[in-house]
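Working notes for the structure below.
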Amino acid sequence: EMCAETELLLFAAARAQLVRETIAPALVDGFVVLSDRFMDSSTVYQGIGRNLAADPVSMINRFAVGNVMPTLTIVYDVPPMISKRRIRQRASDVPDRMERENIEFYKKIRQGYLLLAESMPERIIVIDGTQTEAEIERQTWKVVKKAIACLWSDACPPPRPPGPPPSKALRPSP
């Protein structure tokens, strides 16, 4: 069984490599980068879910990503029982180690994401994941289109997380 600290460091190492090889160069070239997970996942899964102290998790996350921070994070809020049912209904994938966790773990994860969203409403948007796929898609595109439009508009500056602003070298150019 892998210990929580090892899990955190492995995810951070993979993320550090991804940022330096793929994400940062794409941002420098003016591309918009979409990712299905980033440092908030480690904050919640390893920090809250695995009961690691917040300060070391935050420090490791920041070290891994440097000054590359998301402008927008979308959290699809789904109650844990529904999440577990959806995992079981997937015919094509065998549940991974995280997906095999118990319902109490998933309750902590959900609460962690909701607390994180509450603490950073300028960056983290919560969408009700129990709606129809069409409605979730409609709401997602509405939020994403607005965020992308804001990247190149002075009238709508992109939201930034607390702390120092990211380097201009890693922001998309107009």
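The values are calculated or read from the model by the stated rules, or taken from the named source; none is laboratory data. This is a predicted model, so every value here is computed, not measured. Please note: Cβ atoms are built from the backbone with ideal geometry, for glycine as well, and neighbour counts cover all protein chains shown. Protein only, heavy atoms only, side chains kept; ligands, DNA and RNA dropped before computing areas. Shrake-Rupley method; radii C 1.70, N 1.55, O 1.52, S 1.80 Å.
For the chain, what class follows from the C-alpha gyration tensor (a ≥ b ≥ c being the square roots of its eigenvalues): rounded when a/c is under 1.5, otherwise prolate if a/b is larger than b/c, else oblate?
oblate
Going toward the positive end of the dipole of the chain, with +1 on Lys and Arg Cβ and -1 on Asp and Glu Cβ, which of V94, M120, A64 do you reach last?
With unit charges placed on the Cβ atoms, the residue in question is M120.
Can you give me the accessible area per residue for region 1-102, using a 1.4 Å probe, in Å²?
60
Quick query: amide H of D77 versus all other amide H atoms, modeled in the peptide plane; which residues come in under 5 Å with a sequence gap of 5 or more or a different chain?
I127, D128, G129
Just to confirm a number: summing +1 for Lys and Arg and -1 for Asp and Glu over residues other than P79 whose beta-carbon lies under 12 angstrom from that of P79, what do you get?
Charge balance in the 12 Å sphere: +3.
Can you compute the helix-only [θ] at 222 nm over the chain? Use -39500 (n - 2.57) per DSSP H run of at least 4 residues, normalise by all residues, nearest 500 deg cm²/dmol.
-14500 deg cm²/dmol
Ignoring any ligand, DNA or RNA, what whole percent of the accessible area of the chain comes from carbon and sulfur when the probe is 1.4 angstrom?
Percent of accessible area from carbon and sulfur atoms in the chain: 60.
Please give the contour-minus-distance gain from D36 to S153: 0.36 nm per residue of separation, less the Cα-Cα distance, rounded to one decimal in nm.
39.6 nm
Using 0.36 nm times the number of residues separating F105 and K146, minus their current alpha carbon distance, what extension gain do you get?
Net length gain for the segment: 11.4 nm.
Residue separation times 0.36 nm, minus the C-alpha to C-alpha distance between Q17 and E133: what's the value?
Extending this stretch completely gives an extra 38.5 nm.
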